[in-house]
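See structure below.
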Amino acid sequence: MNTRLQHLQTPAQLKTNAVQGLYNKYAGLLLGYIDSVVNDGEQAEKYLIETFNEVAMRFEEFSKLQGSEYCKLQLIARKKLWTFFNSLQQCDVAETIKKIAGSAFDKHISQMSDMQQKVFCGVHYHGKNTATLAAELNTTEPEIRKVLKQAFSIIRNNSGDAGVY
């Protein structure tokens, strides 16, 4: 019997091994990222599972994309987290702060003014652009940019990791 034939893997086995390798390499990092967004370990694990299920279903597409594997996984996770972001849609600052209490962003957001919180939440959690926020908050786009820069300065100055990347 030819032993070389016994060690050949089917395309399905190769894909499974590749996804398992990605999971082994990046699951911890990705879980930390997701948990910092949803601030609920059990919910974060569900999003992590959904993310890797998506990778398995669309592996060929995933492997063709350019860039870092972790960045591609994070992009898929962000798409999966869209339901969480939509739950924050009205950007009720008090509710948003309550949802992220204890997370890495909590100490930063609590130091921001109301306007800085609204602008930061609008951009970071809801993906709104400055023009949309300016219209919603009845102010100018340059003012929104200025407030957003102030919010990022608060985060940068209080993170203990103030380097620019």
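Laboratory data are not the source of any read-out in this text; all were calculated from the coordinates shown. Keep in mind it's a predicted model, so treat the numbers as computed, not measured. For neighbour counting, all protein chains shown are included, and Cβ atoms are generated from backbone atoms with ideal geometry for every residue, glycine included.
Tally the residues that are under 18 Å from Y33 (Cβ atoms), surrounded by 12 or more Cβ atoms within 10 Å (Cβ to Cβ) and of a type in the set (S, T, Y), restricting the search to region 50-82. Counting residues in region 50-82 that are under 18 Å from Y33 (Cβ atoms), surrounded by 12 or more Cβ atoms within 10 Å (Cβ to Cβ) and of a type in the set (S, T, Y) gives 2.
Do you know which residues across region 121-133 are touching a helix residue (DSSP H, G or I) at 6+ places or on another chain (Cβ under 7 Å) and over 17 Å from W82 (Cα atoms)? Listed by number, the residues that qualify are T130, A131, L133.
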